[in-house]
Amino acid sequence: MPRVNVGPGAADGLGAMAASFGGTALVVTGSESLRRSGRLAGMVGDLQSFGVDVAECRIAGEPSPAMVDEAVHRCEGRSVRVVVGVGGGSVLDAGKAIAAMLKESGSAADYLEGVGTRKPSGRSVPMIAVPTTSGTGSEATKNAVLSRVGVDGFKKSLRHDNYVPRLAILDPILCVSAPPAVTAACGMDALTQLIESYVSTQASPLTDALAVEGLRHLIPALPDACGRGAADFDCRGAVAYGAFLSGVTLAHAGLGVVHGVAGPMGGLIAVPHGVACANLLPFAVKATLDNLAAADTPASKAAVDKFARIGKLFGTSYTDPLDCCRHLVDCLYRWLDRLPIPRLGGYGLTAAHVDRLRQAASNKNNPLPLSADQIAQMIRDRW
Ligand SMILES: [Fe+2]
């Protein structure tokens, strides 16, 4: 887990922190909004006031190995001693990958799990993660997700224990400008990660405690963060905290079938990761609960109790575990109706893609596996 600075204004100390590494700081950013808001100029000015030489790199959209290679190439001849990623999950992943590839030879694709043949050495330039959206939890994890979209597309990780950022700065002031659609999709990714790691077959008492803590903060705050609470630091802070914890719990307990489908789906069509997760989550929970009920073992009952506890966190007077589980599924579908989450069909999903995903999908650490038919149904559920 990285060192963490939390709270409104936490990013104010960035200059002093980056200066401690010396040399050049490579600032990796994403959308234009950070630039337009003047916040980027403020951060760069802060870094420079501490004598830090600043290089900048902009990553548009989800990062590919080619984007990372190009960014590394542009840094040649500069003594980059720290990478500062300021942006959404894609920017943080790009920053982590660039920080690693500054110390490796060849292409980032050579080191990607399931794509390349080389193992990362673990050498990396230190990275400071400053999320401006709350979703992937990348600020807490040891992997950088890179993708290439198309027929031979993929969405894979560059992973090493040493890639955990040195410092994560969770400053809700930086999150207030995220628009409702981005806030909703990213927040649903975090919600999915908390749920999947909580019910994972690899969960532990430690990850359970952190996942419940994350859910306790995220669930009441996320709908508000997409609406009237968008400018409220407490509301944004609760979502950011939940997202950060989702990164910690997924790193230790793994994920489930939603991520097992959303990963390959992101290699086939250009659907934002959070949108994919949001659309798949309700059906995945429902189908998993069906399979757990059919299994009727001590382990399946324990998993049902965990889903029931999540249902309780959505607010209900039900006490029977099965009622709480039904409430959870209802709430997840209701959230999809209320939040600005587009359906999957709008991203060019075809019947051929569904067939492909039936084969390519994985159940990861889902409490019980879903069948290929259930997986296909899950994708069609929100076409
Ligand atoms: Fe995710």
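Some points to look at:
- Surface composition of the chain: carbon plus sulfur atoms contribute 52% of the solvent-accessible area (1.4 Å probe, protein chains only, all chains present).
- Unsatisfied cross-links (Cα-Cα over 20 Å) in the set Lys142/Lys312; Lys96/Lys119; Lys96/Lys155: Lys142/Lys312
- Partners for Lys103 among aspartates and glutamates (Cα-Cα distance below 14 Å; same-chain residues under 8 apart left out): Asp69, Glu76
- The alpha-carbon of Lys156 sits under 13 angstrom from the alpha-carbons of these aspartates and glutamates, leaving out residues fewer than 8 places away in its chain: Glu62, Asp93, Asp110, Glu113.
- Cα-based helix-to-principal-axis angle, 233-253 vs the chain, degrees rounded to 10: 80 degrees
- Solvent exposure of the stretch 302-344 as accessible area per residue, Å², 1.4 Å probe: 52 Å²
- Probing with 1.4 Å while keeping every protein chain in the model, the per residue accessible area of the stretch 128-253 equals 33 Å².
- Those aspartates and glutamates that a straight Cα-Cα span of less than 15 Å connects to Lys306, excepting residues fewer than 8 apart in one chain: Glu196, Asp208, Glu213, Asp290, Asp296, Asp320, Asp323
- Gyration tensor (alpha-carbon) shape descriptor, the stretch 322-383, a/c threshold 1.5: oblate
- Working note: 222 nm ellipticity from helices only, DSSP H runs with n ≥ 4, each -39,500 (n - 2.57), summed and divided by the residues of the chain, gives -16500 deg cm²/dmol to the nearest 500.
- Å² per residue, accessible surface of the stretch 1-80 at 1.4 Å: 49 Å²
- Among 208-214, 230-236, sorting by the average number of other beta carbon atoms lying within 10 angstrom of each residue, highest first, gives 208-214, 230-236.
- Sum of side-chain charges, Tyr318 neighbourhood, beta-carbon under 9 Å (Lys, Arg +1; Asp, Glu -1): 0
- The stretch 139-272: C-alpha gyration tensor shape, a/c 1.5 cut-off, then a/b vs b/c: oblate
- Shape of the stretch 275-383, Cα gyration tensor, a/c cut at 1.5: oblate
The values are calculated or read from the model by the stated rules, or taken from the named source; none is laboratory data. Being a predicted model, the structure only gives us computed values, none of them experimental. Cβ sites come from the backbone with ideal geometry, for glycine too, and all protein chains shown count toward neighbours. Remember, those area values only see protein heavy atoms, side chains included, never the ligands or the DNA or RNA. Shrake-Rupley method; radii C 1.70, N 1.55, O 1.52, S 1.80 Å.
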